[in-house]
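Visitor: The following block contains the structure, expressed as structure tokens.
The values are calculated or read from the model by the stated rules, or taken from the named source; none is laboratory data. Model, not experiment: these values are computed from the prediction. All Cβ positions, glycine included, derive from the backbone under ideal geometry; neighbour counts span all protein chains shown. Each accessible area value is taken on the protein alone, full model and side chains, heavy atoms only, with ligands, DNA and RNA left out. Shrake-Rupley method; radii C 1.70, N 1.55, O 1.52, S 1.80 Å.
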Amino acid sequence: MATATTVQVRLARRGYDIQIGTGLLCGVDAFVRHCRPAMHVVVVTDSNVEALYADPIAERLSEQELDVNILTIEPGEPSKSPEVAAELWQVMLDAATDRQSLVLAVGGGVVGDLAGFVASTFARGLDLIQVPTTLLAQVDSSVGGKTGVNLPEAKNIVGTFWQPLGVLIDVDVLATLPEREYIAGLAEVVKYGVILDKEFFEFLEQNTDAILARAPETLIHIIARSCQLKADIVETDEREESGRRAVLNYGHTFGHALEAATGYERLLHGEGVAIGMQCAARLAARLGRIDAAVVDRQARLLRRLKLPTDLPEVNPNDVLHLMRRDKKVAEGQMRFVLPSRLGDVDLVGHVPTDAILASMNA
Ligand code: NAD
Ligand code: GLY
């Protein structure tokens, strides 16, 4: 029996629905129709997700007389590349994809970002539906329209803003997600509490056991609340122009640099974000913006959710160098998202280098 809740994203041009619940993949054909009737669907997925979810989805769509092509990439960050995008464009051309076709991204953030980028560029833009299958993709990357691929030295540097027609989030798929990937996704959930919603942070503190057990009702609640908080921000600053959307990057300036400093092999994105949030909180305390108690409280929640909080073995100067190259550096000036209290953050520039370096030491 399917149960669902809907979060709406209201944008200037057009909005879309995010449906969150259990048993939803069985109704994927109805969701596609609800978004937009189509005759041809290109399903982009990776080889871990293909047999689990993309094949059954394709079967269901085929039963409704839709013409379906499945494009399967290698799992992992290296697939988010211009080369793999070009391969997908070519296969889509060979499959007679045209402007009436729909792209369905079935997978984690790698599939979602790549499929979104390919959809936004092929034939000057195809409609896209996101079916995220990792927690991270369900609470973050499938919502808000950021797409992209990496260059060897810069993550997400080539990309577009391309909003989906809809997002279908079935929490049942999280049952097969490896523990480490699930835990990593929780970092983004904690992030929403710290930057926007103290009550949500408290809910997370009070429900760590249910969260770690992946209890469906708890999952629906934390995913729906995360999507709502993200939607509220994206609605006010869709293209990250005013600074409002930038608050979503809490922990990411440190996190991305830590991912890069460890060769993108040691840390998952969410793990980098968790450590990055601790660095950012320590930096805020050092600058007198928050009490040390807030830093400790965030650390306690992250640890109870089994997330890392300590820096891996890296040279803080190397991390600083990588942070300066981050694409979010505005006109040569690093800006940090720093808490002012639990549930509220500011964008802060002109931060002394010694304070940044010191914040990387626990
Ligand atoms: P991922 O896409 O690499 O997925 C993680 C692993 O889980 C992969 O091996 C995948 O095959 C596997 N997997 C996915 N769903 C599964 C399931 N249900 N059962 C079993 N295995 C499953 O990683 P991710 O953490 O989802 O995404 C990371 C990417 O998201 C990064 O590239 C990051 O830059 C991007 N991102 C984008 C945004 C955005 O706003 N666009 C936001 C945050 C992160
Ligand atoms: N993940 C940050 C954003 O979507 O803006």
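Visitor: Heavy atoms only, probe 1.4 angstrom, no DNA, RNA or ligands counted: give me H221, H252, H350 ranked by accessible area, highest first.
Guide: On the way: H221 80, H252 10, H350 155 Å².
Reading off the accessible areas and sorting them downward yields H350, H221, H252.
Visitor: Can you tell me the relative contact order of region 223-335? Whole percent, Cα pairs under 8 Å, sequence separation 6 or more. Each step should come with its number before you reach the end.
Guide: Working: 109 pairs, mean separation 26.1, N = 113.
Reported as a whole number, the value is 23 percent.
Visitor: May I pose another question? Just how many pairs of Lys in the chain have C-alpha atoms closer than 19 Å, counting pairs that are eight or more places apart or on different chains?
Guide: Pairs that pass both the separation and distance tests number 15.
Visitor: With a 1.4 Å probe and every protein chain kept in, tell me what percent of the accessible surface of region 268-362 is carbon plus sulfur. Walk me through the numbers on the way to the answer.
Guide: Values: 2000 of 4510 Å².
Taking all protein chains in place, region 268-362 shows 44 percent carbon and sulfur surface.
Visitor: Percent relative contact order of the chain, based on C-alpha pairs within less than 8 angstrom and at least six residues apart?
Guide: Values: 693 pairs, mean separation 53.0, N = 362.
That works out to 15 percent.
Visitor: By what distance, in whole Å, do the Cα atoms of the chain stretch along each of the three principal axes, largest value first?
Guide: 61, 41, 37
Visitor: Filter the DSSP H helices in the chain by two things, a Kyte-Doolittle mean of at least -1.0 and an axial alpha-carbon span of 20 angstrom or more, and list the hits by number.
Guide: Span-like helices, by this rule, are 179-196, 216-236, 269-286.
Visitor: Restricting attention to region 53-153, which GluC sites (Glu not before Pro) occupy a DSSP loop and are surrounded by at most 11 other Cβ atoms within 10 Å? Could you put the intermediate results ahead of the total?
Guide: Working: sites: E59, E63, E65, E83, E87, E153; in loops: E65, E153.
Sites meeting the loop and neighbour criteria: E65, E153.
Visitor: Which residue fluctuates most in the GNM of the chain (Cα springs below 10 Å): A184, A299, A12?
Guide: In the Gaussian network model the winner is A12.
Visitor: Let me ask something else about it. Mind grabbing the accessible area of L88 for me, 1.4 Å probe, Å², rounded to tens?
Guide: Ignoring ligands and nucleic acids, L88 comes out at about 10 Å².
Visitor: Relative contact order of region 301-362: what whole-number percent is it, with Cα pairs under 8 angstrom and at least 6 residues apart? Display every interim value, and only then the final one.
Guide: Details: 41 pairs, mean separation 16.9, N = 62.
Relative contact order here is 27 percent.
Visitor: Also, quick follow-up: Add -39500 (n - 2.57) for each DSSP H run of 4 or more in the chain, then divide by its residues: what number comes out at 222 nm, to the nearest 500 deg cm²/dmol?
Guide: On the way: 13 runs with 153 residues, N = 362.
Estimated from H runs of four or more residues: -13000 deg cm²/dmol.
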